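K.L.:
For reference, the structure I am asking about is given below.
Throughout, read-outs are computed from the coordinates displayed, never taken from laboratory work. This one's a predicted model, so the numbers in the text were calculated from it and none came from an experiment. Don't worry about glycine lacking a Cβ; one is built from the backbone with ideal geometry, like all the others, and counts go over all protein chains shown.
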Amino acid sequence: MKKVLEKLYETNNLTKEELIFVLENIDESAKADLFQLAQATLEKTYGRRLFVRGLLEFTNYCKNNCMYCGIRRDNKNVERYRLGKDEILLSLDKGYELGYKTFVLQGGEDSFFTDDILLDLIKEIKKRYKDVALTLSIGERSFESYEKYYIAGADRFLLRHEVANPYIYNELHPGLSFQNRVDCLYNLKKIGYQAGAGFIVGLPGETNEVLAENLLFLKQLEPAMVGIGPFIPHPDTPLKNETIGSVDKTIVLLALIRLLLPEVLLPATTALNTLCTNGLERGLQAGANVVMLNLSPIYVREKYEIYKNKDSKDIHELNTVEQKASSVGFRVDMGRGDNINFRRI
Ligand code: SAM
């Protein structure tokens, strides 16, 4: 195990067999070594800085029916909402006043938000907050649409690949195709976005081999950002009785991702924090360096329920985040926190 981990640290790569070997056999002492190597790798790229993002969940309408997701189309128990332009800007104003320099606009796949509506919004945001990076997370759209949003000023785009196994992907995403997801990710990269991929840990049907495929997919794509989090079964979905994803495994995977992609921006995600009170600290100790705090209006938060008891920290909870970060030797960085390899073209 020691030799394989050293190889990973030296070369930032492993074969599929080696990744499976690590996932199958890692014990507590090897985990400590792995986390140390992940931290040493982060020291060389971003240092011990934690980047904060303001997350606005602007619509929970979704035309998709992902089997795990609480805001899937067929869930009739969700009270649907979408925020208007004024409400969006008001929320972002609050974030800006508090010093946030990255806003993430996330939502279900909501065709109410046409290209024209989105372009108007993107331009307004970039005019209003000149020094802010804007991230979109709105699902699959055409190359032409992605390109228009980029030209209008969007900087980054989060689109998790969810699971890099076409059979499992297609089973869990009725009406969608893995190939289209992958094409979208490559399109985003080609256009110039800082693109983010990622996967859910512990989906039904997942094996260590599938996890190794997820890791190698990321290695090949080389995204600017990666988001992973444990699967949390939602009671109003077809996967309600499935087993919850493992926090421990998620933390090991975070460390492996840091070592495979030293320059990636890697959040300790809300799903991780939901299952584990010290998810942020454990994530940071395994190579994560980003956290997203919620700036959605309070009255919509419960409605954006992709899983139950979602523990998203409020943008005002920066103090708590700062304390948690400093308890593991990190300091909060309020800058844009771009990927170190990216310059806007
Ligand atoms: N619609 C956009 C998209 O498809 O990229 C963004 C919104 S989607 C709700 C955000 C992410 O939530 C998904 O990429 C998925 O990984 C995650 N998610 C949804 N349901 C989940 C669950 N039950 N457990 C863990 N993660 C979940």
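K.L.:
Just the Kirkwood number for the stretch 19-99, please: inverse of mean 1/r across all distinct Cα pairs, in Å, one decimal.
P.N.:
Every distinct Cα pair counted, the radius reaches 17.5 Å.
K.L.:
List the pairs from Lys85/Lys130; Lys31/Lys240; Lys85/Lys310 whose alpha-carbon separation is above 27 Å, in the order I gave them.
P.N.:
Too far apart for the 27 Å limit: Lys31/Lys240.
K.L.:
HN-Hα J couplings of the stretch 260-273 from phi, Karplus 6.51/-1.76/1.60, θ = phi - 60°, integer Hz, Gly and Pro as x?
P.N.:
Result, rounded to whole Hz: 6, 10, x, 9, 7, 8, 10, x, 8, 7, 4, 4, 5, 5.
K.L.:
With angles folded into 0 to 90 degrees, how steeply does helix 16-25 sit against the dominant principal axis of the chain? Use alpha carbons for both and round to 10.
P.N.:
80
K.L.:
Excluding residues on the same chain fewer than 8 positions from Lys190, give the lysines whose Cα lies under 22 Å from its Cα.
P.N.:
Lys123, Lys126, Lys148, Lys219
K.L.:
Next up: Picking from Asn241, Leu188, Phe178, whose Cα lies most toward the positive end of the charge dipole for the chain (charges on Cβ: Lys, Arg +1; Asp, Glu -1)?
P.N.:
Leu188
K.L.:
Please report, for the Cα atoms of the stretch 292-333, the Rg to one decimal and the Dmax as a whole number; what are they, in angstrom?
P.N.:
Rg and Dmax of the stretch 292-333, Cα atoms, are 12.4, 35 Å.
K.L.:
For the chain, what proportion of DSSP beta bridges, expressed in % and rounded to the nearest 5, is antiparallel?
P.N.:
Among the beta bridges of the chain, antiparallel pairing accounts for roughly 5 percent.
K.L.:
Residue by residue through the stretch 184-200, what is 3J(HN,Hα) from phi via Karplus (6.51 cos²θ - 1.76 cosθ + 1.60, θ = phi - 60°)? Round to whole Hz and write x for glycine and proline.
P.N.:
4, 5, 5, 4, 4, 5, 4, 5, x, 4, 7, 9, x, 10, x, 9, 9
K.L.:
In addition: If each residue's Cβ is checked for other Cβ atoms within 10 Å, how do Leu275, Leu19 rank with the fewest at the top?
P.N.:
Ordered by Cβ neighbours within 10 Å, fewest first: Leu275, Leu19.
K.L.:
Ok, one more. Quick check: Cα centre of the stretch 254-315 to Cα centre of the stretch 122-196, how many Å?
P.N.:
19
K.L.:
Report the Cys residues of the chain lacking a disulfide-compatible partner, meaning no second Cys Cβ under 4.7 Å from their Cβ.
P.N.:
Cys62, Cys184, Cys276
K.L.:
Which GluC sites (Glu not before Pro) from the stretch 25-106 combine a DSSP loop assignment with at most 16 other Cβ atoms within 10 Å?
P.N.:
Loop-located and lightly packed - Glu79.
K.L.:
Taking neighbour Cβ counts within 10 Å as the exposure measure, how do Lys16, Lys2 sort from fewest upward?
P.N.:
Lys2, Lys16
K.L.:
Ratio to report: Rg/Rh of the stretch 18-333, with Cα atoms as the point set and Rh obtained by the Kirkwood method; give two decimals.
P.N.:
0.93
K.L.:
By count of other Cβ within 10 Å, fewest leading, how are Arg80, Arg181, Arg73 ordered?
P.N.:
Arg80, Arg73, Arg181
K.L.:
Local charge sum around Tyr150 (other residues, Cβ-Cβ under 13 Å, Lys/Arg +1, Asp/Glu -1)?
P.N.:
With Lys, Arg at +1 and Asp, Glu at -1, the neighbours total +4.
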